[in-house]
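**Q** This structure is in structure tokens; I'll ask about it shortly.
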Amino acid sequence: MNKVLDSLSGLPTAPRASNLPSQVQSILLEGILVGTLRPGERLWVDEVAEHFGVSKIPVREALKALEVDGWVTSQPRKGTYVRELSLDELRETFEMRRLLEPYSAGQAALRRTDAQLMELERLLDESNKALEAIDVVAVTQANRRIHSVMADAAGNSLLRESIAKLEQLVQRYFVAVDWQHRRESMEQHRAIYEAIRDRNVDLAARLTVAHIDHTESLAEASLLRLPFAAKWDWGDRMKDSISAEIP
């Protein structure tokens, strides 16, 4: 089994249904987000089709949709590759998070429903169980869902969609974050949840800013751990600050 097929073996197969391209696209995207499909990895149409037990047509359609959304890149006569990570993208993403998420958390404190609080409590418990099991995929999915429900609670669909895209972008940068830091992040989620539950607008916003600062430092450290990070010009200050966080 070659390296690409080995990566694909970590993904579920697509169930038989009428919209195969959409299903293949969703599963491949999840693989990209959780790091099963690595940055820069080539996605061979034949091998993806073999893994899912489908023809090449839905695979080509799925890869084209992923390219339109910016998750893969295609090169003539060279193939399709999972898009590389980038320090510039990471910084820009966190810049946008600082603009949107504290406001969203404050609005969630004003507008949240009892059902949303119950869902957040369930997800926080789920994330703790995943942490205990050292299940990186389950932790990642619970984390994304927590942010999604908090954004839903703000009651602004455009804001929710913008935050959802940012959360997907950020998620790829946490592949190498250690478990103690993941636990700290989840504890911050609970504090934000409690502020939203208590309708404390200012506290929810302030805790969200602190959480974003914390996760940006973790994402930068995670990025530096990855094999291709050495080719970037991080600058002496960045190297020193990130290296200090790496055990």
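Derivation of every value follows stated rules applied to the coordinates shown; laboratory data play no part. Please read these numbers as outputs of a predicted model, since none were measured by experiment. Backbone-built Cβ (ideal geometry, glycine too); neighbour counts: all protein chains shown.
**Q** In percent, what relative contact order does the stretch 3-82 have, based on Cα pairs under 8 Å that are 6 or more apart in sequence?
**A** 34 percent
**Q** If you place +1 on the Cβ of every Lys and Arg, -1 on the Cβ of every Asp and Glu, and leave all else neutral, what size is the dipole of the stretch 47-155 about its Cα centre, to the nearest 20 Debye?
**A** Dipole magnitude for the stretch 47-155 comes out near 340 debye.
**Q** Going by amide H atoms built from the backbone, whose H comes under 5 Å of the H on residue 112, apart from near neighbours?
**A** For residue 112, whose amide H was placed from the backbone, there are no distant partners under 5 Å.
**Q** Something else: Starting at the first residue of the stretch 27-37, write each ³J(HN,Hα) from the Karplus equation 6.51 cos²θ - 1.76 cosθ + 1.60 with θ = phi - 60°, in whole Hz, x for Gly and Pro.
**A** 5, 5, 4, 4, x, 5, 5, 8, x, 5, 9
**Q** Return the Rg/Rh ratio of the stretch 87-243 with Cα-based radii and a Kirkwood Rh.
**A** On the Cα set of the stretch 87-243, Rg over Rh gives 0.98.
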